[in-house]
Amino acid sequence: MRRTCLLACLLLPALLLARLAAAETVLNVYNWSDYIDPAVIARFEQQTGIRVRYDVYDSLETLEGKLSAGRSGYDIIVPTSEPSFARLVRAKALLPLDRSRIPHWRNLDPGLMQRVAAVDPGNRFGAIYLWGTVGLGVRLDRVRALWPEAPLQAPDLLLRPENAARLAGCGLAVMDSATDVLPTVLAWLGKDPNSAEPADLRAAEQALLAIRPHLRAIPGSGALLDMLASGEICVALTYSGDVIQAAARAKAAGRGVELGYLVPPGGAHLWFDMLAVPADAPHPEAAFAFIDFLLQPESMAAITDKVRYPNAVPASRPLLAEAVREDPTIYPPEAALAHAFVAGTPGQGAERLRSRLWTRFRAGR
Ligand code: N2P
């Protein structure tokens with residue numbers, strides 16, 4: 001009798017626990033750097049028992065490089081609607097999202113989802129996570145001190161060589177991504193931002209080479225965010241929320257670094273980052289559960305409050321911190337979006353030209 005109890009009462013539960021531990025599901029997430037509130041991941045882990053392994057990238061080039069090698073092992077990726085997500089949809093490299101597992105899908109803004117349906121008809125493969133623009137981060141305190149009449153306009157303040165020359169001493173930078181920088185340069189030159197014309201790309205290269213001697217760095221967007229927050233860089237071309245997040249960090253540090261975000265008034269590069277599941281994801285069920293968790297208004301409000309990018313869940317708006325909700329650089333007014341353009345998906349030939357151009361720009365010749 002005592003023996004039976006030893007087996008049934010002590011050993012069996014222990015064995016069961018060990019088996020459960022071995023079967024613990026791990027969700028492999030590959031997301032942009034500085035792009036989530038870690039407390040949201042902790043809550044997901046707590047509520048579902050799924051453990052999250054979280055890796056980051058800071059450019060679409062890095063994400064695409066990782067995925068093209070195949071068998072990435074990731075369950076969740078966050079590619080921009082164009083070009084990366086569009087390419088993955090076309091290559092059948094994504095799993096259709098099972099909406100029966102994602103009841104909070106209903107929270108997504110239909111108008112915004114319609115904008116990405118051009119590359120994903122019926123929104124079968126992706127849900128918008130966050131979105132934003134490309135523009136200038138400006139260290140206002142330094143620029144004002146150096147040049148009180150500086151024309152605070154994006155992207156002129158950086159792309160006009162005479163402006164760059166004048167401000168070079170305070171630290172200029174362009175994020176390291178041909179994909180997310182060239183559309184802004186082409187639009188500034190009055191060209192089609194998605195042009196694949198060799199002559200247009202040559203003009204963009206000339207424009208970049210003209211300011212190249214004045215640049216202090218061409219860092220990844222993640223490193224650039226840190227450099228802006230510390231005050232080391234005073235004008236930079238990068239993603240909207242990265243600047244606004246850096247501004248919040250700088251303010252909290254209280255060392256007088258005052259950052260502002262300038263969006264090109266003539267038309268900004270507008271982008272949408274998509275939650276997607278690779279076709280060979282090892283844990284699709286856990287991936288759907290994660291997407292569902294993120295699409296709850298409470299999760300999205302916490303994420304937007306933290307990273308300063310707008311989301312696509314309108315019910316999260318009333319839950320945001322007031323300063324975030326009312327910041328027109330975070331949630332741009334409709335009028336500012338009216339001139340915005342979304343990047344296209346260059347074909348292989350154009351892609352080759354663009355990446356060669358970028359290599360020459362980085363090398364400075
Ligand atoms: C996060 C940058 C994500 C925006 N740091 C690029 N789509």
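Tell me whether the stretch 127-146 contains one or more residues that are of a type outside the set (S, T, N, Q) and part of a loop (DSSP other than H, G, I, E, B).
no
Considering only the stretch 265-287, state which residues are more than 16 Å from the ligand (Cβ to nearest atom) and either in a loop (DSSP other than H, G, I, E, B) or within 16 Å of VAL134 (Cβ to Cβ) (or both). Give the derivation first.
We begin by selecting, within the stretch 265-287, every residue more than 16 Å from the ligand (Cβ to nearest atom); these are 265-267, 277-287.
Selection gives PRO265, GLY266, GLY267, VAL277, ALA279, ASP280, ALA281, PRO282, HIS283.
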**OP:** Go through (1) at pLDDT 95 or above; (2) outside the structural domain of HIS104 (by TED's automatic domain parsing); (3) open to solvent by 40 Å² or more (accessible area, probe 1.4 Å); (4) of a type in the set (A, V, I, L, M, F, W, C) one by one and return the number of the condition VAL257 breaks.
**Re:** (3)
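Please return the ranges of helices (runs of 4 or more DSSP H) entirely within the stretch 2-121 where 3 or more residues are at pLDDT 95 or above. So that I can check it myself, show each step before the final result.
On the way: elements: 2-5, 12-22, 38-48, 60-68, 86-90, 110-116.
So the answer is 38-48, 60-68, 86-90, 110-116.
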**OP:** Can you confirm whether the stretch 282-300 contains a residue that is more than 14 Å from the chain's Cα centre (by Cα), of a type in the set (Ser, Thr, Tyr) and either buried (at least 24 other Cβ atoms within 10 Å of the Cβ) or in the same structural domain as SER33 (by TED's automatic domain parsing) (or both)?
**Re:** yes
Original post:
Do we find a residue being closer than 20 Å to SER59 by Cβ, within 16 Å of the ligand (Cβ to nearest atom) and touching a Leu at 6+ places or on another chain (Cβ under 8 Å) anywhere in the stretch 209-225?
Top reply: no
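What residue, of ALA86, ALA127, is under 15 Å from the mean Cα position of the chain (by Cα) and more than 13 Å from the ligand (Cβ to nearest atom)?
Working: ALA86 fails: under 15 Å from the mean Cα position of the chain (by Cα).
Among ALA86, ALA127, only ALA127 is under 15 Å from the mean Cα position of the chain (by Cα) and more than 13 Å from the ligand (Cβ to nearest atom).
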Original post:
Where in the stretch 156-226 are the helices (runs of 4 or more DSSP H), entirely inside, with at least 1 residues that are hydroxyl-bearing (Ser, Thr, Tyr)?
Top reply: 178-188
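Restrict the check to the stretch 106-121 and report whether at least one residue is open to solvent by 40 Å² or more (accessible area, probe 1.4 Å), of a type in the set (D, E, K, R) and away from the ligand (no atom under 15 Å from the Cβ). Quick ask: steps written out before the conclusion?
First, pick out the residues of the stretch 106-121 that are open to solvent by 40 Å² or more (accessible area, probe 1.4 Å): 106, 109-111, 114-115, 118, 121.
Filter once more, keeping what is of a type in the set (D, E, K, R): 106, 109, 115.
Adding the requirement that they be away from the ligand (no atom under 15 Å from the Cβ) leaves 106, 109.
Scanning the stretch 106-121 turns up at least one residue that is open to solvent by 40 Å² or more (accessible area, probe 1.4 Å), of a type in the set (D, E, K, R) and away from the ligand (no atom under 15 Å from the Cβ).
Tell me the residue from ALA210, ALA178, ALA196 that is under 23 Å from LEU146 (Cα atoms) and of a type outside the set (D, E, K, R), please.
None of the other options fit; the residue is ALA210.
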**OP:** Exactly one condition in (1) in contact with a Phe, Trp or Tyr (Cβ under 7 Å, 6 or more places away or on another chain); (2) within 25 Å of ARG51 (Cα to Cα) is not met by VAL119; state its number.
**Re:** (2)
Subject >> Checklist (1) assigned by TED's automatic domain parsing to the domain that holds ARG99; (2) part of a helix (DSSP H, G or I) applied to TYR309, failing item >> reply: (2)
**OP:** Tell me, please, whether a residue that is of a type in the set (Ser, Thr, Tyr), out of contact with any Lys or Arg (no Cβ under 9 Å at 6 or more places or on another chain) and touching a residue at least 40 places away in the same chain (Cβ under 8 Å) can be found in the stretch 219-230.
**Re:** yes
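Go through the stretch 226-241 and give me each residue that's touching a Ser or Thr at 6+ places or on another chain (Cβ under 8 Å) and near the ligand (Cβ under 10 Å from one of its atoms).
To start, the set of residues in the stretch 226-241 that are touching a Ser or Thr at 6+ places or on another chain (Cβ under 8 Å) comprises 228, 237-240.
Residues satisfying the conditions are THR238, TYR239, SER240.
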**OP:** Taking VAL78 as meeting all but one of (1) open to solvent by 70 Å² or more (accessible area, probe 1.4 Å); (2) in contact with a Phe, Trp or Tyr (Cβ under 9 Å, 6 or more places away or on another chain), write down the number of the exception.
**Re:** (1)
Subject >> First in the stretch 29-49 and charged (D, E, K, R), second anywhere and assigned to a strand (DSSP E or B) and surrounded by 17 or more Cβ atoms within 10 Å (Cβ to Cβ), Cβ under 7 Å, 6 or more apart >> reply: GLU45/VAL52
Original post:
Which condition number does ARG325 fail, the rest of (1) more than 14 Å from the ligand (Cβ to nearest atom); (2) on the phi > 0 side of the Ramachandran plot; (3) basic (Lys, Arg) being met?
Top reply: (2)
**OP:** Could you check, for the stretch 187-196, whether at least one of its residues is open to solvent by less than 10 Å² (accessible area, probe 1.4 Å) and out of contact with any Phe, Trp or Tyr (no Cβ under 7 Å at 6 or more places or on another chain)?
**Re:** yes
**OP:** Go through the stretch 332-344 and count every residue that is open to solvent by 40 Å² or more (accessible area, probe 1.4 Å) and outside any strand (DSSP E or B).
**Re:** 6
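The values are calculated or read from the model by the stated rules, or taken from the named source; none is laboratory data. Remember, it's a predicted structure, so these values are computed and weren't measured experimentally. Note that we place each Cβ from the backbone using ideal geometry, even for glycine, and neighbour counts take in every protein chain shown. The protein model used for the area step is the full one, side chains on, heavy atoms only, and it has no ligands, DNA or RNA in it. Shrake-Rupley method; radii C 1.70, N 1.55, O 1.52, S 1.80 Å.
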